[in-house]
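Structure record follows, encoded as structure tokens.
The values are calculated or read from the model by the stated rules, or taken from the named source; none is laboratory data. No experiment lies behind these values; they were computed from the predicted model shown. Every residue, glycine among them, receives a Cβ derived from its backbone with ideal geometry; neighbour counts consider all protein chains shown. With ligands, DNA and RNA removed, areas are computed over all heavy atoms of the protein, side chains included. Shrake-Rupley method; radii C 1.70, N 1.55, O 1.52, S 1.80 Å.
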Amino acid sequence: QKKKKEAGPGGLNLSAEDKKLVAAQDEERLKFKTILNEEFPWVLGAIRMLCESDIEIGNSCLPALGEVVVLAAVTECEAFKSLPRLGEECKEALATMASCVYELDEDDSEMICASLTLCCKKRTGKSQTSTSGGSIDVVPFPAHCDAPAQVVSEMDEFGDVFCGASFVFVFPILKAALTGPRTTAGCETALTVLERHTSLMIGEDLDIHVKVLRKDMASTVLELLSHDRAQTFSNPSPIDALTSCYVLDGDNGSSALTSAELSPLLDERGALGVKNCRIGAMVALESISRSYPKLIKNNPLVENRIWMNCFAGDS
């Protein structure tokens, strides 16, 4: 009896070090419990309240909070499996944010939410399909999928550019529609919509949130060019859309292009890729160098890729 009284929980004799470890574990469990049961739902509620209070406030939150909420909605965290209501609250918050896309009807918010959760996955390791933020991998839609087909159709029917915040939020849907070997039924106009928004990267319409997508938009078009289905797109063609991604303005436009922005044209996605991608990369580089010849003279890597393709066996 005396030994039992001295023993710890479950009849185990715990040393002072073990007791300290158990106490630390209990403290950690309490911290996670507080996060999952109180703090995380509170944050989701705050985001919903912001978006519901005023559509302009909600729209301005899309670039900053969109990716975070999408990640929460698609997470495969074990805690979310044990607490399914958290996953539901994440999707509700995402749908509320989707209702703040000015240019689309509020009734489309559920379709936007469904499309984003279908094509976005948490990034695992280095990937060419990740968004510019690097936290999300975008995967192709199935051949038949109603939600993205409706969203892409509505975006095309709008007939004008979205504001920068709205476009950044829905861009993964366009990217997924243009990724992979098959075209999702109803998403045939995705390239038209993407090309239309390249105007937000230059001139008076320049939007800082869209400008950082230049690399991502170019990579998306090059990925499309790597598949046979690229031949079915016209007005614009994929090469026209790729060239539009690199239209610059101002006397020193070439200096505005960073190495990261040029990288899709110069690596395996472009100048070192399959024939169609190499042709697209060369056309885009030619378009840039025609206006800014210093880009070729001052960048040995660009010059190297041009020479390589001039003497490629299948050119």
Test: residue in the range 106-129 that is in contact with a helix residue (DSSP H, G or I) (Cβ under 7 Å, 6 or more places away or on another chain), under 26 Å from CYS187 (Cα atoms), polar (S, T, N, Q) and at pLDDT below 95: yes
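Quick one: in the range 14-57, of everything that is in a helix (DSSP H, G or I) and among the hydroxyl-bearing types (Ser, Thr, Tyr), which residue is nearest to GLY87 (Cα to Cα)? Can you show your working first?
Taking the range 14-57 first, the residues in a helix (DSSP H, G or I) are 16-53, 55-57.
Add one more test, that the residue is among the hydroxyl-bearing types (Ser, Thr, Tyr), and what stays is 34, 53.
Values: THR34: 17, SER53: 23 Å.
Per the stated criteria, the residue is THR34.
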Condition check for PHE167: under 17 Å from VAL70 (Cβ atoms), part of a helix (DSSP H, G or I) and at pLDDT 95 or above: yes
Test set (1) among the basic types (Lys, Arg); (2) open to solvent by less than 40 Å² (accessible area, probe 1.4 Å); (3) free of Cβ contacts under 8 Å to residues at least 24 places away in the same chain - LYS211 fails condition number: (2)
From the options THR179, THR192, residue that is part of a helix (DSSP H, G or I), open to solvent by 10 Å² or more (accessible area, probe 1.4 Å) and touching a Phe, Trp or Tyr at 6+ places or on another chain (Cβ under 9 Å): THR192
Inter-residue pairs, beta-carbon under 9 Å, first open to solvent by 60 Å² or more (accessible area, probe 1.4 Å) and in the range 225-251, second among the charged types (D, E, K, R), 6+ apart: THR232/GLU188; SER234/ASP240; ASP240/GLU195
Of the criteria (1) buried (at least 18 other Cβ atoms within 10 Å of the Cβ); (2) under 27 Å from the mean Cα position of the chain (by Cα); (3) not acidic (Asp, Glu), which one TYR292 fails: (2)
Any chance ALA147 is at pLDDT 95 or above and open to solvent by less than 10 Å² (accessible area, probe 1.4 Å): no
Tally, over the range 58-82, of residues that are farther than 16 Å from PHE167 by Cα, in contact (Cβ under 8 Å) with a residue 24 or more places away in the chain, in a helix (DSSP H, G or I) and open to solvent by 20 Å² or more (accessible area, probe 1.4 Å): 3
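Residue by residue, here is whether (1) surrounded by 19 or more Cβ atoms within 10 Å (Cβ to Cβ); (2) of a type outside the set (D, E, K, R); (3) out of contact with any Ser or Thr (no Cβ under 7 Å at 6 or more places or on another chain) holds:
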{"residue": "ILE112", "(1), (2), (3)": "yes, yes, yes"}
{"residue": "CYS120", "(1), (2), (3)": "yes, yes, yes"}
{"residue": "PHE158", "(1), (2), (3)": "no, yes, yes"}
{"residue": "THR198", "(1), (2), (3)": "yes, yes, no"}
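One line per residue, one yes/no per condition, for (1) modelled with pLDDT under 95; (2) charged (D, E, K, R):
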{"position": "ILE35", "(1), (2)": "yes, no"}
{"position": "PHE40", "(1), (2)": "yes, no"}
{"position": "ARG48", "(1), (2)": "no, yes"}
{"position": "GLU56", "(1), (2)": "no, yes"}
{"position": "ASN59", "(1), (2)": "no, no"}
{"position": "LEU62", "(1), (2)": "no, no"}
{"position": "VAL70", "(1), (2)": "no, no"}
{"position": "ALA73", "(1), (2)": "yes, no"}
The one condition in (1) open to solvent by 80 Å² or more (accessible area, probe 1.4 Å); (2) more than 24 Å from GLN150 (Cα to Cα); (3) without any contact (Cβ under 8 Å) to a residue 24 or more places away in the chain that GLU106 fails to fulfil: (2)
All helices (runs of 4 or more DSSP H) inside the range 202-287 with 3 or more residues being within 30 Å of GLY186 (Cβ to Cβ): 208-211, 214-225, 238-245
Pairs, first in contact (Cβ under 8 Å) with a residue 60 or more places away in the chain in the range 146-167, second assigned to a loop (DSSP other than H, G, I, E, B) and among the aromatic types (Phe, Trp, Tyr), C-beta under 8 Å, six or more apart: PHE162/TYR102; CYS163/TYR102; SER166/TYR102
Members of the range 252-273 found to be modelled with pLDDT of 90 or more, in contact with a Lys or Arg (Cβ under 9 Å, 6 or more places away or on another chain) and open to solvent by 40 Å² or more (accessible area, probe 1.4 Å), listed by number: ALA260, LEU272
